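Written out below as structure tokens is the structure these notes cover.
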Amino acid sequence: MPLAWPIIRDLLALRDRLESLFDEAILEGGVELADRSSSSFCPAGDLYETDGEIVVIVEIPGVKAESVDLKLEGNRLRISGEIAVPRQEARLLRMERPRGPFHRDFELPVSRFEGTPVADLERGVLTVRLRKTSDGGRRRVVIVEDEG
């Protein structure tokens with residue numbers, strides 16, 4: 001599966017560029033750009049594992065801590081929230097920054113953690129730290145041989 005991630009990243013970059021070209025074409029034609037608050041935004045993120053913890057780092061510029069929600073269920077971490085739409089009296093000439101609701105799911109390599117996850121939001125970068133259990137949080141899978 002590691003080969004798929006660069007392809008997905010390239011496809012997302014292509015989608016963003018196409019949206020930008022579309023927006024420019026509309027604006028050059030004198031038509032105001034519609035509110036894109038319903039468009040999906042998937043923030044970029046990194047996932048690290050050390051001997052003692054899992055660390056998730058996500059870029060969410062312009063988001064306040066009270067607008068972020070973290071849910072940990074088993075080995076899945078969901079980060080969701082909303083990027084506020086600034087209300088201005090001025091006519092919008094170009095819109096490139098994401099707005100509206102977002103979410104990002106991470107499948108973690110372990111499913112058991114100690115204590116409460118620690119999250120820190122600084123300069124638009126969210127860092128979530130999950131302390132692994134003393135046994136590393138790894139689940140042992142028992143394979144049963146079928147005797148039939």
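Laboratory data are not the source of any read-out in this text; all were calculated from the coordinates shown. The structure displayed is predicted, hence computed values, not measured ones. So basically every Cβ, Gly included, is an ideal-geometry build from the backbone, and we count neighbours across all protein chains shown.
Before moving on, here are some points about what is shown:
- Pairwise inverse Cα distances across region 32-132, averaged and inverted, put the Kirkwood hydrodynamic radius at 14.9 Å.
- Given charges at beta-carbon only (K, R positive; D, E negative), |dipole| of region 32-132 in Debye: 220 debye
- Counted by Cβ distance under 13 Å from K64, the other residues give a net charge of -3, where Lys and Arg count +1 and Asp and Glu count -1.
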